[in-house]
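Rule-based calculations on the coordinates, nothing more; no lab input. Being a predicted model, the structure only gives us computed values, none of them experimental.
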Amino acid sequence: MPLTMLDPQTALIVVDLQQGHVGATPDFDAVVDRSRALAAAFRVHMLPVVLVTVDGIAPGRTERPSPFRAGVPADYAELLDALDAQPGDIRIVKRSAGAFATTDLGRQLKDLGVTQVVLTGVATAGGVEATARQAYEAGFNVTLALDAMTDPRAEAHAYSIANVFPRLGETGATRDILALLERRD
């Protein structure tokens, strides 16, 4: 479904663009650039910007070990300077794939009257998809900036875009979202 609109209270959620993921994919820098452009535009329009990092894992046994069990570099969870974080941004540190399950993000957004979220980040089929699913299940309208997300597994990225995201919300390019923001004035 093509993008139709942005609700008056829409928040941008940037997922896991942090030091530990730098270079995870060939298009990582382009994803950071597009996410930064969206964040700047949301700030100009006085809309919330949520910057999410992952620093830990959810409890429980899994068949594939997490890098957090073996330890990670000290700067792994540091937000990228390129995102130009501002004092008014909402900072979330999650310990699960999605940004809602182990945080108070849902409450913070509801308290601000947010009804829609736009998602960017890494990994498409990991943190971005999990956050999109949780946002949808929490009653938010979901928009996915497809050219502002990436995944080290190309097949997983393609599957999420073709099969999962159309069931969770609307999809489009960064330029489409920026155009909708500009039409708000």
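Near Gly121, the amide H atoms lying under 5 Å from its own belong to Val15, Met149, Thr150; only residues 5 or more places off or on other chains count, and H is placed 1.01 Å from N.
Using just the helices of the chain, give the 222 nm mean residue ellipticity in deg cm²/dmol: DSSP H runs with n ≥ 4 each add -39,500 (n - 2.57), and the total is spread over all residues, rounded to 500. Present the calculation step by step, with values, prior to reporting the outcome.
On the way: 7 runs with 57 residues, N = 185.
The helix-only estimate for the chain comes to -8500 deg cm²/dmol at 222 nm.
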